[in-house]
Amino acid sequence: MTKFQLMVPFVGLLYTLVFGLMPVLRKEGLSRRFLAESLALTAAASALVLLGGFPLHPIAFLVIIYLFTMRVRILADVASAMARRGNTRSARRIFGLAHKLWPDPVGTMILELNEAACSLKEGDPEGAVQVLSGIIERAPASGLGVKHLSACHFNMGIAYWRMKMNALAGASFEAVMDIWPASVMARRAEIALGKLRQSADGEIAQDSTAATESKVAHGS
C-alpha cells in the first residue's frame with residue numbers, strides 16, 4: 001500500500017465538503033442525494049484500499065466519484081450542446097437517459113429547463129411554457145438556485161414572445177431582473193424587454209435565443 005492510496009479517504013471527504021458546500025453558498029440548498037452518494041463511494045473505496053489492499057490511485061478515485069455524482073449534469077451539458085447545434089433528436093435521447101439515472105429534484109429541474117430550451121429550438125413554445133411553468137411552481141420548495149430560476153423566466157419570456165403574448169413575455173423578463181439583478185442573464189432580459197417594447201407587432205427578433213444554461217456549477 002502506497003502513501004497515495006492512503007489519501008483516498010481524504011480525497012473523498014474533501015470532494016464531498018467542497019462540492020457539497022458550493023450549492024449552499026449559492027443558496028441552492030444541500031442535496032442529501034449528493035452527500036449519500038459521495039460518502040458511500042468514499043467509504044467503499046476506503047475499505048477496498050485500506051482493508052483489501054486494492055491499488056486505487058486517489059486521482060483515479062477523484063475521477064470516478066466526480067463522474068458518478070455529476071452524471072446527470074454532465075449528460076445535461078452534452079445534450080444541451082447537441083440541441084444548440086440543431087441535433088435535438090439526439091439531445092432528447094440523452095435527456096431521457098439522464099432522467100433514468102436517479103437525478104435529485106434539482107437535477108431533474110435542470111434537465112427539464114434544458115428540455116424546454118430544446119422545445120424552443122424545435123419551434124414548440126407552448127410545450128416549453130408547460131415545462132417551465134412546472135419548474136417555477138416547484139422551485140421554492142426544491143432549493144433551485146437563482147441562476148437556473150432566472151433562466152426559466154427568461155426562456156418563458158422568449159416562449160411567450162413567440163406566442164405573441166407580449167404582456168406575459170414582458171413580465172417574465174422583468175422577473176429575471178428582479179431575481180438575479182446585475183447578472184448577464186438580467187442584462188439579456190433587459191435587452192429582450194427593450195426589443196419587445198420597441199416592436200410594434202410583437203414579432204421576436206431573429207437573434208433572440210433561448211438560454212439553455214448548460215454550463216452549470218454543481219447544485220445537487
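Show me the helices (runs of 4 or more DSSP H) found entirely inside region 57-131 where at least 1 residues are of a type in the set (Phe, Trp, Tyr) and more than 14 Å from the chain's Cα centre (by Cα). Walk me through it before giving the result.
Numbers: elements: 58-69, 71-84, 88-99, 105-121.
Qualifying helices (runs of 4 or more DSSP H): 58-69.
Checking the condition at pLDDT 90 or above, over 19 Å from Ala116 (Cα atoms) and of a type in the set (A, V, I, L, M, F, W, C), which residue from Ile191, Ile158 passes? If you could, list the steps in order and put the result at the bottom.
Details: Ile158 fails: over 19 Å from Ala116 (Cα atoms).
Only one candidate qualifies: Ile191.
Is it the case that some residue within region 17-37 is in a helix (DSSP H, G or I), among the β-branched types (Val, Ile, Thr) and more than 25 Å from the chain's Cα centre (by Cα)?
Step one: list which residues in region 17-37 are in a helix (DSSP H, G or I), which gives 17-25, 32-37.
Adding the requirement that they be among the β-branched types (Val, Ile, Thr) leaves 18, 24.
Okay, now just the ones that are also more than 25 Å from the chain's Cα centre (by Cα), so none.
Looking for residues that are in a helix (DSSP H, G or I), among the β-branched types (Val, Ile, Thr) and more than 25 Å from the chain's Cα centre (by Cα), one finds none in region 17-37, hence no.
Within region 5-38, count every residue that is loosely packed, with under 14 Cβ neighbours inside 10 Å and more than 30 Å from Val146 (Cα to Cα).
Qualifying residue count, region 5-38: 2.
Between Ser172, Ser214, which is at pLDDT 95 or above, touching a helix residue (DSSP H, G or I) at 6+ places or on another chain (Cβ under 9 Å) and small (Gly, Ala, Ser)? Let's see the steps before the verdict.
Values: Ser214 fails: at pLDDT 95 or above.
Result of the check over Ser172, Ser214: Ser172.
All but one of (1) at pLDDT below 95; (2) in the same structural domain as Leu111 (by TED's automatic domain parsing); (3) buried (at least 21 other Cβ atoms within 10 Å of the Cβ) hold for Val146; which doesn't?
It fails just one condition, (3).
Six or more apart or on different chains, Cβ under 7 Å: which pairs go from a residue in region 150-164 that's assigned by TED's automatic domain parsing to the domain that holds Glu137 to one that's basic (Lys, Arg)? Could you list them?
Hits for this filter: Phe154/Arg188.
Of the residues Leu62, Leu48, Leu41, only one is surrounded by 15 or more Cβ atoms within 10 Å (Cβ to Cβ), without any contact (Cβ under 8 Å) to a residue 24 or more places away in the chain and farther than 26 Å from Ala139 by Cα; which? Outline the logic, then answer.
On the way: Leu62 fails: without any contact (Cβ under 8 Å) to a residue 24 or more places away in the chain; Leu41 fails: without any contact (Cβ under 8 Å) to a residue 24 or more places away in the chain.
Answer to the check: Leu48.
So, His153, is that one closer than 24 Å to Ser31 by Cβ and at pLDDT below 95 or not? Outline the logic, then answer.
On the way: closer than 24 Å to Ser31 by Cβ: yes; at pLDDT below 95: no.
Judged against the criteria, His153 is not a match.
Count, please, the residues in region 119-148 that happen to be in contact with a Phe, Trp or Tyr (Cβ under 8 Å, 6 or more places away or on another chain) and free of Cβ contacts under 8 Å to residues at least 60 places away in the same chain. Explain how you work it out, then say what you get.
Looking only at region 119-148, we keep the residues that are in contact with a Phe, Trp or Tyr (Cβ under 8 Å, 6 or more places away or on another chain), and these are 125, 129, 146-147.
Subsequent filtering for residues that are free of Cβ contacts under 8 Å to residues at least 60 places away in the same chain retains 125, 129.
Qualifying residue count, region 119-148: 2.
The values are calculated or read from the model by the stated rules, or taken from the named source; none is laboratory data. Just so it is clear, the structure is predicted and the values come from calculations on it, not from any experiment. Cβ sites come from the backbone with ideal geometry, for glycine too, and all protein chains shown count toward neighbours.
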